[in-house]
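Enquirer: Quick one: the structure is below, questions incoming.
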Amino acid sequence: MKLNKLLLSLVLATSITVVGCGVKEEPIDNVQKEEQTQNEQVSLSYDTTKEVLEVKDKNTKVFYPQIKDYPGELLMDYINQSLKKTADLYANEDPYTDVKVDYEITKMDNDILSVLFKGTGKIEGHGEINIKHSVNIDMKSSNEINYNNLVKDNDGLMKMLNKKAKEKGLESVEAEGIRVYFEEENVVFYYMPLDDSAKEFIELSIPMNELKGLLNTEFGEIPAS
């Protein structure tokens, strides 16, 4: 009996030793190299600044982003013009007054910059309105991405959008125009319902991996210098 207990103790001790030896710690320098590689993969070739366009006699203030440190001054100018266009629209166009708009950058990498402007304003004869306006930039070409040049298979996409709408308790997608913005792993399609009493935008978010074959991946040539 004592011999059996001794043998059992030896087996357990050996097992513990083997398990312990199986745990291998990575050298610190290897871990640092891996973290450095990951950081290099996600490093951006540009940065953004926050600007504001204020029109005091219209009680209007619109914030908008501008990019800097982009490798290509001409393309950077094109991109910044696209981003400022929304501020000019709501701050300087005649129908709008009392506009308060800020923005959120919903996706920012070396392929796509997606900016969602949100706020409120007034239109003469219509009263207060909710504002939601997106600007999406193909950072390789500086071209804007919108529903028309993003969607390759409109019938296939509409089937998917109607399915998503029903999941939210809606009968179908009813809109004169659909807009888009990008998130890290999703594309968000949004619209104002045709109902005249509607005040809120409807959003339908779809993971990118569910949209394969339905969307374009090229958005035009790089503008000539």
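The values are calculated or read from the model by the stated rules, or taken from the named source; none is laboratory data. Please read all numbers here as calculations on a predicted model, not as lab measurements. A quick note on method: Cβ atoms are made from the backbone with ideal geometry, for glycine too, and the neighbour counts reach across all protein chains shown. Each accessible area value is taken on the protein alone, full model and side chains, heavy atoms only, with ligands, DNA and RNA left out. Shrake-Rupley method; radii C 1.70, N 1.55, O 1.52, S 1.80 Å.
Enquirer: Please determine whether any residue of region 112-122 is modelled with pLDDT of 95 or more, more than 21 Å from L53 (Cβ to Cβ) and in contact with a strand residue (DSSP E or B) (Cβ under 6 Å, 6 or more places away or on another chain).
Expert: Within region 112-122, one or more residues are modelled with pLDDT of 95 or more, more than 21 Å from L53 (Cβ to Cβ) and in contact with a strand residue (DSSP E or B) (Cβ under 6 Å, 6 or more places away or on another chain).
Enquirer: Output the number of the condition that E54 fails; it satisfies all remaining conditions of (1) acidic (D, E); (2) under 23 Å from N186 (Cβ atoms); (3) open to solvent by 70 Å² or more (accessible area, probe 1.4 Å).
Expert: All conditions pass for E54, except number (2).
Enquirer: With the structure loaded, tell me whether L194 is in contact (Cβ under 8 Å) with a residue 24 or more places away in the chain and farther than 24 Å from Y78 by Cα or whether it fails that test. Can you show your working first?
Expert: On the way: in contact (Cβ under 8 Å) with a residue 24 or more places away in the chain: no; farther than 24 Å from Y78 by Cα: yes.
Considered against the rule, which asks whether it is in contact (Cβ under 8 Å) with a residue 24 or more places away in the chain and farther than 24 Å from Y78 by Cα, L194 comes out as no.
Enquirer: Another question, then. Taking only region 204-220 into account, find how many residues are free of Cβ contacts under 8 Å to residues at least 40 places away in the same chain and surrounded by 14 or more Cβ atoms within 10 Å (Cβ to Cβ).
Expert: 0
Enquirer: Could you run through region 137-154 and say how many residues are assigned to a loop (DSSP other than H, G, I, E, B) and either without any contact (Cβ under 8 Å) to a residue 40 or more places away in the chain or open to solvent by 20 Å² or more (accessible area, probe 1.4 Å) (or both)?
Expert: 5
Enquirer: Would it be correct to say that Y64 is in contact with a Leu (Cβ under 9 Å, 6 or more places away or on another chain) and either modelled with pLDDT under 90 or crowded, with 17+ Cβ neighbours inside 10 Å (or both)?
Expert: So Y64 fits the description; yes.
Enquirer: Could you list all residues from region 83-101 that are within 21 Å of Y191 (Cβ to Cβ) and within 21 Å of the chain's Cα centre (by Cα)?
Expert: K85, T86, V101
Enquirer: Next question. For region 175-203, how many residues meet the condition of being open to solvent by less than 50 Å² (accessible area, probe 1.4 Å), in a strand (DSSP E or B) and either out of contact with any Ser or Thr (no Cβ under 9 Å at 6 or more places or on another chain) or over 19 Å from D155 (Cβ atoms) (or both)?
Expert: 7
Enquirer: Now for a separate question. For the subset of region 79-109 comprising residues that are over 13 Å from N59 (Cα atoms) and aliphatic (A, V, I, L, M), which member is surrounded by the most Cβ atoms within 10 Å (Cβ to Cβ)?
Expert: I79
Enquirer: A follow-up question, please. Tell me yes or no: at least one residue of region 166-173 is open to solvent by less than 20 Å² (accessible area, probe 1.4 Å), not in a loop (DSSP other than H, G, I, E, B) and not polar (S, T, N, Q).
Expert: No.
Enquirer: Let me ask something else about it. Looking only at region 110-131, decide whether some residue is open to solvent by less than 50 Å² (accessible area, probe 1.4 Å), in contact (Cβ under 8 Å) with a residue 60 or more places away in the chain and assigned to a loop (DSSP other than H, G, I, E, B).
Expert: No, because not a single residue in region 110-131 is open to solvent by less than 50 Å² (accessible area, probe 1.4 Å), in contact (Cβ under 8 Å) with a residue 60 or more places away in the chain and assigned to a loop (DSSP other than H, G, I, E, B).
Enquirer: Filter region 67-78 down to the residues that are under 20 Å from E104 (Cα atoms) and hydrophobic (A, V, I, L, M, F, W, C), then identify the one that is surrounded by the most Cβ atoms within 10 Å (Cβ to Cβ).
Expert: If we take residues in region 67-78 being under 20 Å from E104 (Cα atoms) and hydrophobic (A, V, I, L, M, F, W, C), then I67 is surrounded by the most Cβ atoms within 10 Å (Cβ to Cβ).
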